[in-house]
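Q: Below is the structure I would like to discuss, written out as structure tokens.
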Amino acid sequence: MLRRLLLVFLLAPALAAAQGTLRVGIAADITSLDPHHINIGSNNNALWHVYDALTHVNADARLVPGLAESWKAIDKTSWEFRLRRGVRFHDGTELGPEDVIASIERARAAEKSGGQFGAFTKAIVEMKVVRPNIVVFRTATPYAMLPYDLSSIFVISRKAQAASTEDFNAARVGADGTPAIPGTGPFKLAGFKRGDRVELARNDAYWGAKPAFEKVSLRILPTDGSRIAALMAGDVDMIENLPTADATRIKTSGKFTVAQKVSWRTIFFHMDQARDNPPGIAGKDGKPLARNPFKDPRVRQAVSLAINRQAIAERVMEGLAMPAANIVSPTVFGHAFALKPASYDPDGARKLLAEAGYKDGFSLTLAAPNNRYVNDDQIAQAVAQMLTRVGIQTKVETFPMSVYLGRARNGDFPFLMLGWGSFSGDLALRALLATPNAEKGYGAWNWGKHSLPALDDMLDRGFQMTDDKQREANAIEAAIQAMRNVGVVPVHHQIATWAMRKGLAYGGRTDEFTFAHDVKPQ
């Protein structure tokens, strides 16, 4: 009896924690809660708490069942998805195939007003309900990537198909706690204050594992100092993107637990390879150049040789990064191990610049966010110094991600930072380096307008391969071609970090997401 009472006493704090609120410091602004609007990690991280997709991605970046309990190709151009039975939206209505179809139709329609998820539906030419829990998708040609693409389409109730972005962001909640626009996720949306926080309430009817916490508050703390201060003061229970400068102090304090996992996110630079006279590039005298230097692959290679990746990983990132030669990290499907990070070679960079006709160099504006990726502004400053040393006189402009994203997509910068994560190398190539083609959904994030027809052809072929070994071999060869053409300049793969008060546990995720439903009291 005494042992039983002692056990209850010891478990009481954990049980109490499970009944309360988990406060999480999020490292980037959440710009929208419209599930079919802006496709950035911070938005998606919040949305995964409220909505589900047909397929999910596990902590190791592998595809697993979501709202679909299974899927299969029933012929060369048709896929059958079997929905879980008994799944209900937060308002109590049951999920059906019509909701799935309405979600895909809305993602497509949202492209007209700037939505960025329609690219994941391009292959679908027909959708058909064949049973109350089965939907069949037909593609124009054999297409192996559909289950992967549909992990990016959040499923909403068909009653919300006509809802506007403003309707989603209003986060209206009824007197009974039911959100006006319900999802099927582990939490119900309880409130959204732009630039401040997202409030969530546990969905006790969730079809998956029940979250440990009744309420969750996702606090938007984009600066390193604000996040670490909030953790130290006890204002939040957990933070993501532990600042590298504070990692050792937090690990050795005895008050906190730190989780780490090699991320799928690669930090790299796009270069404008399309326009003759992109803004931000000039001679050192400030006069326009006769041609865009980034159209010459020798200049792009010179930029790569000028960057000391090892120094950035060790000094700027304080060991929480790996020098990169790929756009996907080593754990990800399609990583090309034959590619090695370019050696730091400033003399070689100067030689290539001279061969390309830029013996005296040129001037350049480097653009980057200053509140999105780990040490993004410091990385930008370090790269600028390295480029300047080889004759590319570089100044830096950094912006909050909310400002940076729009300007980058508008083509305001000739040389700009982006961080990208994908659970498949060929999908990353499709978004980042394929020749922009809205009809095919290629090049949606190809800010440099890189174009290599051989790469496009390889992606076309690979996306028809249902044999994973063949497809991965094709994806690796495509990556090698793109990287040898220096379509982008990869710098490093991040190591994702989380810090939390003692008594909490989080396993971490390759995709860097911070899922409150996976946080457990110890």
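Q: Round to the nearest 10 and give me the degree value, 0 to 90, for the angle of helix 346-355's Cα axis relative to the longest principal axis of the chain.
A: Helix 346-355 and the main axis of the chain meet at about 60 degrees.
Q: Now a separate question. With viscosity set to 1.306 mPa s and temperature to 10 °C, compute the Stokes-Einstein D of the range 155-202, Rh being the Kirkwood radius across alpha carbon pairs; µm²/s, no decimals.
A: Working: Rh = 11.2 Å.
Roughly 142 µm²/s, to the nearest whole number.
Q: Further question on the same structure: If you take the charge dipole of the range 192-342 about its Cα centre, with +1 on Lys and Arg Cβ and -1 on Asp and Glu Cβ, which of ASN277, PRO243, ALA201 is farthest toward its positive end?
A: Going by the charge dipole, the pick is ASN277.
Q: Name the residue from PHE137, PHE213, ILE153 whose Cα lies farthest towards the positive end of the charge dipole of the range 104-258, charges +1 on Cβ of Lys and Arg and -1 on Cβ of Asp and Glu.
A: PHE137
Q: First compute the accessible area of the range 327-392 with a 1.4 Å probe, then give the percent of it belonging to carbon and sulfur atoms. Before the final figure, lay out each step's value.
A: Details: 1320 of 2630 Å².
That fraction is 50 percent.
Q: Right, another one. For the range 365-412, what is the convex hull volume of the alpha-carbon atoms per residue, in Å³? Numbers along the way, then the final one.
A: On the way: hull volume 2.9 nm³, N = 48.
Measuring per residue, one finds 60 Å³ for the Cα hull of the range 365-412.
Q: The range 440-522: D in µm²/s via Stokes-Einstein (Kirkwood Rh, Cα pairs, 20 °C, 1.002 mPa s)?
A: Diffusion coefficient, whole number: 132 µm²/s.
Q: Taking only DSSP H segments of four or more residues, each worth -39500 (n - 2.57), what value at 222 nm results for the chain once the sum is divided by all its residues, to the nearest 500 deg cm²/dmol? Walk me through the intermediate numbers first.
A: Values: 14 runs with 146 residues, N = 522.
Mean residue ellipticity at 222 nm (helix-derived): -8500 deg cm²/dmol.
Q: Next question, about the same structure. Go through the range 428-522 and name the GluC sites (Glu not before Pro) that are in a DSSP coil and have 12 or fewer other Cβ atoms within 10 Å of their Cβ.
A: GLU439
Q: Skip the ligands, DNA and RNA, and give the accessible area per residue of the range 236-302 with a 1.4 Å probe, whole Å².
A: 43
Q: Same structure, new question: What's the carbon and sulfur percent of the range 452-522's accessible surface, probe 1.4 angstrom, rounded to a whole number? Before the final figure, lay out the partial values.
A: Values: 1270 of 2610 Å².
The nonpolar share, carbon plus sulfur, comes to 49 percent.
Q: Per Stokes-Einstein, at 4 °C and 1.567 mPa s, what whole-number D in µm² s⁻¹ belongs to the range 385-485, with the Kirkwood radius over Cα pairs as the hydrodynamic radius?
A: 85
Q: I would also like to ask the following. Any chance you could list the semi-axes, whole Å, largest first, of the equivalent ellipsoid that the Cα gyration tensor gives for the range 250-301, using √(5λ)? Let's see the in-between values first.
A: Values: eigenvalues 383, 42, 15 Å².
So the equivalent ellipsoid measures 44, 14, 9 Å along its semi-axes.
Q: Let me cross-check VAL24: its accessible surface, 1.4 Å probe, with only protein heavy atoms counted, in Å² to the nearest 10?
A: 0
Q: Another question, if that's okay. How large is the accessible surface of TYR51 in square angstrom, using a 1.4 angstrom probe and rounding to the nearest 10?
A: Taking all protein chains as shown, TYR51 has close to 10 Å².
Q: Stretched out fully, how many nm does the piece from THR466 to LYS210 gain, at 0.36 nm a residue minus the Cα gap?
A: Full-extension gain reported as 88.7 nm.
Q: Still on this structure, please answer the following. Using C-alpha positions alone, give me the convex hull volume of the chain per residue in cubic angstrom.
A: Values: hull volume 81.1 nm³, N = 522.
Given the Cα convex hull of the chain, per-residue volume reads 155 Å³.
Q: For the chain, what relative contact order do you get, as a whole percent, if you take Cα pairs closer than 8 Å and at least 6 residues apart?
A: Contact order relative to length: 20 percent.
Q: Could I ask something else about it? Principal axis lengths of the range 269-346 from Cα atoms, whole Å, largest first?
A: Here the spans come out as 43, 29, 20 Å, largest first.
Q: What's the extension gain from LYS287 to ARG172 if we count 0.36 nm per residue and subtract their Cα-Cα distance?
A: Here the segment from LYS287 to ARG172 would lengthen by 36.0 nm.
Q: Quote the charge dipole size of the chain about the Cα centre in Debye, to the nearest 20; the model charges only the Cβ of Lys and Arg (+1) and of Asp and Glu (-1).
A: Computed charge dipole of the chain: roughly 660 debye.
Q: Considering the Cα positions of the range 181-331, please state its Rg to one decimal place and its Dmax as a whole number of Å.
A: 22.3, 66
Q: Sticking with this one: Using the Cα centre of the chain as origin and beta-carbon charges of +1 (Lys, Arg) and -1 (Asp, Glu), tell me which of GLY357, ASN370, ILE101 is placed farthest towards the positive end of the dipole.
A: ASN370
The values are calculated or read from the model by the stated rules, or taken from the named source; none is laboratory data. Everything quoted here is computed from the prediction, not taken from an experiment. Cβ atoms come from the backbone with ideal geometry, glycine included; neighbour counts cover every protein chain shown. In case anyone asks, the SASA skips ligands and DNA or RNA and just uses the protein heavy atoms, side chains included. Shrake-Rupley method; radii C 1.70, N 1.55, O 1.52, S 1.80 Å.
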